[in-house]
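Read through the structure below, which is laid out as structure tokens, and then see the notes.
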Amino acid sequence: MTTVLIIPGLGGSGPDHWQTHWQRALPHARRVEQADWDRPNLSTWLARLADAIESAPGAVLVAHSLGCALVAHLAARRPDLPLEAALLVAPADVDSARHTPEYLRGFAPLPRDPFRFRSFVVASTNDPYMTIDRARSLASAWRAILIDVGASGHINTEAGFGPWPKGEGLLDELISGRGLYHRLASGQSRSREFIRIAG
């Protein structure tokens, strides 16, 4: 069965965060632990993530917030790593002083290199850490499919996201490469955006 690597953002994901729920619920899910969740360092975080992927070839990544920036850097710097897919939820705009604090500038600039694996970027129209237009631009550059979930904040505990079963459904679609992913990737659907799947 496919290994799912959970990649939290700044501060880690607390006990009620959907990433933590998924880690408990999915039998082959494990968290990529960082030495210091509150003082992110790109090189050390990248090394931890690369080690985790090397120990689980063909893994699927599930990233949130700053974790999405980490995945983008990994894709640009380590295209040799064997990845199956990535679900990037509520990316943090580390390039923008308006949306993220100065101490995250160590993750800037965000790479725009195309991903070599299947990917969804799940974004909100009122995320305080990235505009929907910026998320759309990055998804296009990464050759990812943008999933617009409407006004859903930062898609975290504070925004009301606990277990998030619809998100799990997206993960299943991404892992299989069929269903919604196939329709959107092949252009069979009206749009490459699937609106209102939050909840």
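General observations
- The three principal axes of the Cα atoms in the chain give end-to-end lengths of 42, 38, 33 Å, sorted in falling order.
- Peptides 123-132, 72-81 ordered by average Cβ neighbours within 10 Å, highest first: 123-132, 72-81
- Cα extents for the range 62-154 along the principal axes, largest to smallest and rounded to whole angstrom: 34, 28, 19.
- Taking a ≥ b ≥ c as the square roots of the Cα gyration tensor eigenvalues, the range 9-124 comes out rounded, since a/c falls below 1.5.
- Separation between Cα centres of the range 127-161 and the range 15-33, rounded to whole Å: 21
No value in this document is a laboratory result; all are computed from the given coordinates. Every value quoted in this text rests on a predicted model; they were computed, and no experiment measured them. Ideal geometry is used to build each Cβ from the backbone, glycine not excepted, and the neighbour counts take in all protein chains shown.
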